[in-house]
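Below is one structure, written out as structure tokens; the observations come after it.
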Amino acid sequence: MNAPDRAAIRQAVIDAVLTIAPEADFETVVPTKSLREQLDLDSFDYLNVLIALAKRLQVEVPEADYGKVDTLDGLIGYLAERVART
């Protein structure tokens, strides 16, 4: 099975967020700013997003790396790098 590309990973992130926050509007999200702040996600909601992504992409984000996945660009880049290594 081929690893998902960045577009597929971006869609996985959007899908995961929309299951937690169906009102999220990704047309207005600035990819370099905090995703949690822009979408008003609390830490529990964001943890659920990361869990959903771990299930879908088979990539876990350890707590030590949470700072690297705060923005949309950061999350996509982090996941793309980790998926490429698996």
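Please treat every number below as a calculation from the coordinates, not as lab data. The shown structure was predicted, so the numbers you read here are calculated from the model rather than taken from an experiment. Here the Cβ positions follow ideal geometry from the backbone for every residue, glycine too, while neighbour counts run over all protein chains shown.
Some values worked out for this structure:
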| read-out | value |
| --- | --- |
| Long-range neighbours under 7 Å by Cβ, at least six apart or interchain, first residue free of Cβ contacts under 8 Å to residues at least 40 places away in the same chain within the range 14-41, second part of a loop (DSSP other than H, G, I, E, B) and not small (Gly, Ala, Ser) | 14/26; 20/41; 21/41; 34/70; 36/70; 38/29; 38/30 |
| Any chance residue 56 is within 12 Å of the chain's Cα centre (by Cα) and touching a residue at least 60 places away in the same chain (Cβ under 8 Å) | no |
| Near pairs, Cβ below 8 angstrom, 6+ apart or cross-chain, from the range 60-73 (under 12 Å from residue 35 (Cβ atoms)) to any residue that is among the charged types (D, E, K, R) | 70/36; 71/33; 72/10 |
